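Participant: This structure is in structure tokens; I'll ask about it shortly.
Laboratory data are not the source of any read-out in this text; all were calculated from the coordinates shown. Values in this document were obtained by computation on a predicted structure and should not be read as measured data. Note that we place each Cβ from the backbone using ideal geometry, even for glycine, and neighbour counts take in every protein chain shown.
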């Protein structure tokens, strides 16, 4: 049972990393297309708008990943999760490493919640590094233009 949960968790980690990578790639490719019109329209605050767009895009990627985990809990029939609402609530709690403990999964699924927490921890770290790089790049570009 533990090996099965670890195998399923590994597959979910792989899938969620791919989703995160594809989402970040889309944001990277979309940014230059948005940058010029936004910087022309919002001359002095365009970096704030671009940063907000990037952050909301990343937030959307995390929401997709949380839904993926919630779907797994439903498909795998992890008791006591009986509804989509329960699955999403539990997934958010696990993914953010909040772990409220008001829903405790059956023994056949317990390891998955720990894997999800590790997944969230890793993807939040990746997100932090990405946002830092984007913001740094936005303001470095501005500095170069002022020189």
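Participant: How many angstrom lie between the C-alpha centres of the range 64-110 and the range 40-61?
Facilitator: Between the Cα centre of the range 64-110 and that of the range 40-61, the gap is 32 Å.
Participant: Something else: Given Cα pairs under 8 Å that are at least 6 residues apart, what percent is the relative contact order of the chain?
Facilitator: Rounded, it is 29 percent for the chain.
Participant: Given the alpha-carbon gyration tensor of the range 38-79, what are the semi-axes of its equivalent ellipsoid in whole angstrom, ordered largest first, with each equal to the square root of 5 times an eigenvalue?
Facilitator: 38, 6, 4
Participant: Full extension from residue 10 to residue 34: what is 0.36 nm times the residue separation minus their Cα-Cα distance, to one decimal in nm?
Facilitator: 5.1 nm
Participant: What angle, in degrees between 0 and 90 and rounded to the nearest 10, separates the Cα long axis of helix 110-146 from the longest principal axis of the Cα atoms of the chain?
Facilitator: The angle comes out at about 0 degrees.
Participant: To one decimal place, what orientation-averaged projected area in nm² is obtained for the convex hull of the Cα set of the chain?
Facilitator: If you wrap the Cα atoms of the chain in a convex hull and average its projections, you get 9.6 nm².
Participant: Now for a different question. Full-extension gain between residue 132 and residue 118, please, as 0.36 nm times their residue separation minus the C-alpha to C-alpha distance.
Facilitator: 2.9 nm
Participant: Let me ask another. Under a crude label model (7 Å from the Cα following the beta-carbon direction), how far is residue 98 from residue 83 in nanometres?
Facilitator: Calculated label separation equals 1.8 nm.
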